[in-house]
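The values are calculated or read from the model by the stated rules, or taken from the named source; none is laboratory data. These numbers come from a predicted model, not from an experiment. In this analysis, Cβ positions are derived from the backbone assuming ideal geometry, glycine residues included, and neighbour counts consider all displayed protein chains.
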Amino acid sequence: KNQVEQSPQSLIILEGKNCTLQCNYTVSPFSNLRWYKQDTGRGPVSLTIMTFSENTKSNGRYTATLDADTKQSSLHITASQLSDSASYICVVPLSGGYNKLIFGAGTRLAVHP
Amino acid sequence: EPEVTQTPSHQVTQMGQEVILRCVPISNHLYFYWYRQILGQKVEFLVSFYNNEISEKSEIFDDQFSVERPDGSNFTLKIRSTKLEDSAMYFCASSEQGGIAKNIQYFGAGTRLSVL
């Protein structure tokens, strides 16, 4: 079954600290993986897209990694800020479909002062 | 920065009533989508739309749902006879490119539908 699983479900860190969020997927065939940030009551916003040939990609303080062999991805946030408080969602398109995205349940991150 | 606009932000309706959720995708985008998120659950794909027709739909998107692009700017989702379980946040998204790789879908802020 095509699924995207994320851990942890929730995370609390202090401002300025780093954290790493995990994503495991079983979607096959695999083409690419996306990380989205969703603020409470808002729509998801794309942070990064990684294709199967990319191992790591950075977007400011966000660094995503991908291991297509183990079907795992991580999102590392450095020097966290209060504005990083949000849900971070791992998303994998279902290949063979047109643009159907399979969403993980997200990791709810709370950054405290 | 261009954005996807959704109206209304909150819609309250009685069970059995018809609702139309409205979206204005980013102007040069050609691919349009609807997703829903039941409170506390994952975002779920409903339907994708391209060239004035549905390109893919999920099992959730049954005969009670329909989509339309009535003019050059709006994209709507209609639920004919709402059920309690239709209560959710509905997100519209659009992308410039289709296909699998590299199409970034931009999401609207969502419409919260409450069915009483």
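I want to confirm something. Restricting to region A:17-34 and keeping residues that are within 24 Å of A:Q81 (Cβ to Cβ) and among the hydrophobic types (A, V, I, L, M, F, W, C), which single residue is farthest from the chain's Cα centre (by Cα)?
A:C19
May I ask you to verify whether B:S94 is within 11 Å of the chain's Cα centre (by Cα) and small (G, A, S)?
Yes; evaluated as a whole, the condition is true for this residue.
Considering every residue within region A:62-84, establish whether at least one is assigned to a strand (DSSP E or B), within 13 Å of the chain's Cα centre (by Cα) and within 11 Å of chain B (Cβ to nearest Cβ).
The answer is no; no qualifying residue exists.
For region B:17-39, state whether one or more residues are crowded, with 17+ Cβ neighbours inside 10 Å, of a type in the set (S, T, Y) and over 17 Å from B:S87 (Cβ atoms).
yes
If we keep just the residues of region B:16-63 that are more than 11 Å from every other protein chain (Cβ to nearest Cβ) and of a type in the set (V, I, T), which is nearest to A:G104 (Cα to Cα)?
The qualifying residue nearest to A:G104 (Cα to Cα) is B:I38.
If I filter region A:6-56 down to residues being modelled with pLDDT of 95 or more and within 17 Å of B:N103 (Cβ to Cβ), which single residue comes out as nearest to the other protein chains (Cβ to nearest Cβ)?
Selected residue: A:Y36.
Suppose we keep only residues that are at pLDDT 90 or above and under 26 Å from A:S28 (Cα atoms) within region B:64-104. Which one would you say is farthest from the other protein chains (Cβ to nearest Cβ)?
It comes out as B:S94.
Identify the residue in region A:86-113 that is buried (at least 18 other Cβ atoms within 10 Å of the Cβ) and among the hydroxyl-bearing types (S, T, Y) and, among all such residues, is farthest from B:S94 (Cα to Cα).
A:T107
So in region A:6-16, with the set limited to residues that are more than 15 Å from the chain's Cα centre (by Cα) and not acidic (D, E), which one is farthest from B:R112 (Cα to Cα)?
Top of the filtered list is A:G16.
If you take the residues of region B:1-41 that are polar (S, T, N, Q) and outside any strand (DSSP E or B), which of them is nearest to the chain's Cα centre (by Cα)?
Only one residue tops the list, namely B:S9.
Please identify the pairs in which a residue from region B:38-63 that is over 22 Å from B:N74 (Cα atoms) has its Cβ atom under 6 Å from the Cβ atom of a residue that is assigned to a loop (DSSP other than H, G, I, E, B), counting only partners at least 6 apart or on another chain.
Sorted first by the residue in region B:38-63, then by its partner, the pairs are B:K42/A:A105.
What number of residues in region A:25-45 are of a type outside the set (A, V, I, L, M) and touching a Lys or Arg at 6+ places or on another chain (Cβ under 6 Å)?
Number of matching residues: 1.
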